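These notes are about the structure you will find just below.
The values are calculated or read from the model by the stated rules, or taken from the named source; none is laboratory data. All values reported here derive from a predicted model rather than from experimental measurement. Cβ coordinates were reconstructed from backbone atoms using ideal geometry, including for glycine residues, and neighbour counts include every protein chain displayed. Side chains included, ligands, DNA and RNA excluded: accessible areas come from the protein's heavy atoms. Shrake-Rupley method; radii C 1.70, N 1.55, O 1.52, S 1.80 Å.
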Amino acid sequence: MNSFIVACLLLLLLGFAYQAGWSRSRQVAPASGRLHSRPNYHGSLVAIWAVVPALLILALWVLFGDTASRAFVMAQLPPDIRALSGPELNQIINRVNQIATGFGVIGEPAPYESAAGQALREFRTLSFAFVIAAAAGTGALGLYLARSRITARFRARDEVERVVRYLLIACSVVAILTTIGIVASLLTEAIRFFSFVSPIDFFFGTVWNPRFSTVGAGSGEYGLLPLLWGTLMISIIAMLVSLPIGLMTAVYLTQYARPKTRNVVKPVVEVLAGIPTIVYGFFALVSVGPFLARIGSTVGLDIRATSALTAGIVMGIMIIPFISSLSDDIIRQVPRAMRDGSLGLGATQSETIRRVILPAALPGIVGAFLLAVSRAIGETMIVVLAAGNSPYLRLNPGEPVSTVTVTIVNQLTGDTDFASPQSLVAFALGLTLFLMTLILNVVALYIVRRYREQYE
Amino acid sequence: MANTLSPVAPTAPAPSETLTKIRSGLARRHARERRFRAYGIAAICAALGAVVILFSMILMKGVPAFTQAKLTLDVFFDPAIIKVDPKPVRAPDQSAAAYERARLDWERQVTLVNWNRILEAAVRAAAPDIEVDTRQALSIVETSERFVLRDRFVADPGLLGQTVKMDLLASANADNWLKGNIDRSLPDTQQQLSAPARALADRLKEDGTIRFAFASQIFTNVDSRSAPASAGLAGALMGSLYMMLVVIVLAVPLGVGTAIYLEEFAPKNRFTDLIEVNINNLAAVPSIVFGLLGAAVFINYFHLPLSAPLVGGLVLTLMTLPTIIIATRSSLRAVSPSLRQAALGLGASRMQMVFHHVLPVTYPGILTATIIGVAQALGETAPLLLIGMNAFVAAVPATPLDQSTALPVQIYLWQGNENRNFFEPRTSAAIIVLLGLMIALNALAIYLRTRLERRT
């Protein structure tokens, strides 16, 4: 309710300030009618001057209001209560808050509680009125100052444009803040994890068994290698599936297919890219896994329903459109002259593709391949559902494995207590994952860019 | 020309050794060409086959789940079982609070009535000749239906002593049995329903008491653990809707602002290079890393509530931001320079040029970028698991700060349910809903794009 009132007041202030600036600029316009800026810029500038200070004051209240009211409650309580420690004190403060809001509390409130509640209620009303008055006051002051600056030659447009420009810069800083946030949060939590487990044990350990480790004594039980091996194996299988299919699809669609076929097939293949990964995971778990297990038992191989093979094949299907559309772009960038030259010398189409086009496009395709690998490494839901979650070093792809991403999910879901190595390890794993994908991406983007420059 | 051809002509009639060599080589080369082409076609068939298999499997599994077994029973509100006081009426001198208390007391009384006995009597009355005990009779009706009876009675206490025809949900096990999801030849020990209950279900199906009707509760009910047949997606849909709103409100202005700054205003310096590299890398960071960021920053540092759509929306915003930025930039880049030069030449400032002339032309592109980003966010699961959105929530969230799940997370939760026979189709149905939403979003994008492009 309060926030609704505040929002309405702000809107009123905004409209009023805009109107004030607009009409003022019309007044000061000389007889010849030449203002430097059009009235709507004057209006906008006055509105900015009025609303921004008011918003700042409200923001300060949002940030520090709770601290202030808590301090006030503390001041109202008798000294012996104030001396209580954390949870009990919090409980009493909560009770006082509830009395103040009028919800009532369980049990009979102690006299000091109801007194404090009463005082808090008054404090709240007063402080709310005070904050509103202060915001309105500064808003009005800003409005007045900005309005008095308006003259015919006043460059209101330039100032408004400067504000807009700062806003745009602020938008682009969000991207940097995100990266900083990722790196900082991963690093700080990972460092806390490494205070429990030494980095050497983590990066070179071959046993993954976090459950039974007691704090500090878990040497060798947080070994990354089994997880890394699982990730690697699934990625290799995925690339074995997606690279030939994706590349041949791109080759056929760019070199052989008629435009009509291409226009139908390309979007349909790209549908695969839009399907949520959880759907692939379910598909792997319910259809592909049992199917592979049945094939395995008829051939005489022991393939589990949830295994590296299942997850890898389905992930490969997911990556097909990624490879095919990237390679499609790259193949089409190969200069036509190279292709025509080869055909003119009597090479068949497939010879042209294999000996001229693909070698020319190779750097780009390698870049696409690396990008695809980085996607495979970071993919989560397919492996959570279909890889079987069994963190052991095994060579057989028909056996269940576990990956870095699966382990992050397992260690962190439903656990918000960031004090034990069991949950902190997720951040160390996240850091590993982030670095691996970062390196792959940087290398891939570099190669792709170099390739593009070569033919432009 | 004739000169060069003439020496060849005499040798042509007599096939020399080189010529046969060439001919046989040519045949081999053409065979290789055909083989290569066949590989291409095979690759395309594999990719298209994957699309077809995936969709047909989901549809085949999921479509039956949209109908569900329902019983039409004559329910007798037996005064011998429902022994409650008459519903309190507010006396003229009674305070609102006192009346509320009396009403709640009465509702508590009603809840304590043994509604199962009334259900049991209704089931027995429908097939009086089949011998079943209480458990068996009740096992074919979903456990949540007793609350349906209670609510009906609370709404209309005049039903006491009357018989009403009511549509009630059959239990998940009965639904499985009747749909044939369970192998009917399995021995008793492996069946979820006892033999008399199965006979009862078959009998009721035969005489039309049980029929298959559209399972509207998939859309109207929230998730349920104790009564799987009544579990629905309402909470998850609402949670996803809130997250989409947060994403649209935050990601679109931020993304478009960043794109405008980078493309139109940013000077070429280190800072803008840094932002660009950043955005390209963020676009390829695995989604689960954004979940780690959310867990560490939003939950652990800012103490935002767990499982809240607001936090989910924030994480997804950061994740989709690069998509929107990159797509908006490419549509800004596609605006012809003549438009900019014309605007600048007529005396517009750069800000006016961008906002009045360039940006309106890119609306279709920005719109498509937004919808692609939102669709991507809608299907994302992994980061949501890390911020607690996989908690079991049996309520529709009223605000973005309430506990909630999301559509893909609900799919994840359902696929893990122990009652596989029932939840595999149910999960597929949820996937159909999710894919339907995504297809609708993409269709909307295409429709709006063509409309807007025609106008400009």
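Quick look at the numbers
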{"quantity": "Per-residue SASA entry for residue B:18, accessible area with 1.4 Å probe, Å² rounded to 10", "calculated": "90 Å²"}
{"quantity": "The protein assembly as shown, accessible surface, carbon-and-sulfur percent (1.4 angstrom probe)", "calculated": "63 percent"}
{"quantity": "Length gained when the stretch residue B:213-residue B:103 is fully extended (0.36 nm per residue, less Cα-Cα span)", "calculated": "36.0 nm"}
{"quantity": "At R0 = 45 Å, FRET efficiency that the Cβ-Cβ distance of residue B:301 and residue B:342 yields, to 0.05", "calculated": "0.35"}
{"quantity": "In degrees, nearest ten, helix A:225-251 long axis to first principal axis of chain A (Cα)", "calculated": "70 degrees"}
{"quantity": "Point-to-point label distance, residue B:401-residue A:3, nm (Cα→Cβ direction, 7 Å offset)", "calculated": "0.6 nm"}
{"quantity": "Label-point gap, in nm, between residue A:12 and residue B:245 - each point 7 angstrom along Cα→Cβ", "calculated": "2.6 nm"}
{"quantity": "Segment residue A:270-residue A:329, length gained on full extension (0.36 nm per residue, minus Cα span)", "calculated": "19.9 nm"}
{"quantity": "Residue B:75 long-range amide H proximity, modeled H, under 5 Å", "calculated": "B:164, B:165, B:166"}
{"quantity": "Theoretical gain in end-to-end length, residue A:450 to residue A:302 [0.36 nm per residue, Cα-Cα removed]", "calculated": "48.7 nm"}
{"quantity": "For residue B:87, solvent-accessible area (1.4 Å; no DNA, RNA or ligand), Å²", "calculated": "70 Å²"}
{"quantity": "Lysine-lysine proximity count for chain B, Cα under 14 Å, sequence distance 8 or more or distinct chains", "calculated": "5"}
{"quantity": "For A:434-441, mean number of other protein chain Cβ atoms within 10 Å", "calculated": "3"}
{"quantity": "Segments A:187-195, B:298-306 sorted - mean Cβ within 10 Å per residue, highest first", "calculated": "A:187-195, B:298-306"}
{"quantity": "Highest to lowest packing among A:123-134, A:275-286, scored as the average C-beta count within 10 Å", "calculated": "A:275-286, A:123-134"}
{"quantity": "Chain B, dipole about Cα centre (Lys/Arg Cβ +1, Asp/Glu Cβ -1), debye to the nearest 20", "calculated": "2120 debye"}
{"quantity": "Efficiency of FRET from Cβ geometry, residue A:176 and residue A:72, R₀ 35 Å, rounded to 0.05", "calculated": "0.35"}
{"quantity": "For chain A, calculated [θ]222 nm from helices alone, where every DSSP H run of n ≥ 4 adds -39500 (n - 2.57)", "calculated": "-25500 deg cm²/dmol"}
{"quantity": "Estimated dipole of the protein assembly as shown in Debye, rounded to 20 [Cβ of Lys and Arg +1, of Asp and Glu -1, Cα centre]", "calculated": "3980 debye"}
{"quantity": "Chain B: calculated mean residue ellipticity at 222 nm from DSSP helix runs of at least 4, using -39500 (n - 2.57)", "calculated": "-19500 deg cm²/dmol"}
{"quantity": "Peptide B:320-333, shielding by other chains (average Cβ, 10 Å cutoff)", "calculated": "1"}
{"quantity": "Lys/Arg +1, Asp/Glu -1 at C-beta; segment B:234-455 dipole; positive extreme among B:413, B:234, B:306", "calculated": "B:234"}
{"quantity": "Where a label projected 7 Å from the Cα of residue A:52 along Cα→Cβ would reach, residues of segment B:341-355 with amide N under 17 Å", "calculated": "none"}
{"quantity": "Lys, Arg +1 and Asp, Glu -1 on Cβ, resulting dipole of segment A:225-455 about Cα centre, debye, nearest 20", "calculated": "880 debye"}
{"quantity": "Antiparallel bridges, percent of DSSP beta bridges restricted to the protein assembly as shown (to nearest 5)", "calculated": "95 percent"}
{"quantity": "Using alpha-carbon coordinates, inclination of helix A:308-333 to the longest axis of chain A, degrees", "calculated": "90 degrees"}
{"quantity": "Ordering of B:193-200, A:341-348 by packing [mean C-beta count within 10 Å, highest first]", "calculated": "B:193-200, A:341-348"}
{"quantity": "Residue B:80 paired with residue A:129, simple spin-label distance in nm, labels 7 Å along Cα-to-beta-carbon", "calculated": "6.8 nm"}
{"quantity": "Between helix A:111-148 and chain A: long-axis angle, C-alpha atoms, 0 to 90°, nearest 10", "calculated": "90 degrees"}
{"quantity": "Within 10 Å of each Cβ in A:266-278, the average number of Cβ atoms from other chains", "calculated": "6"}
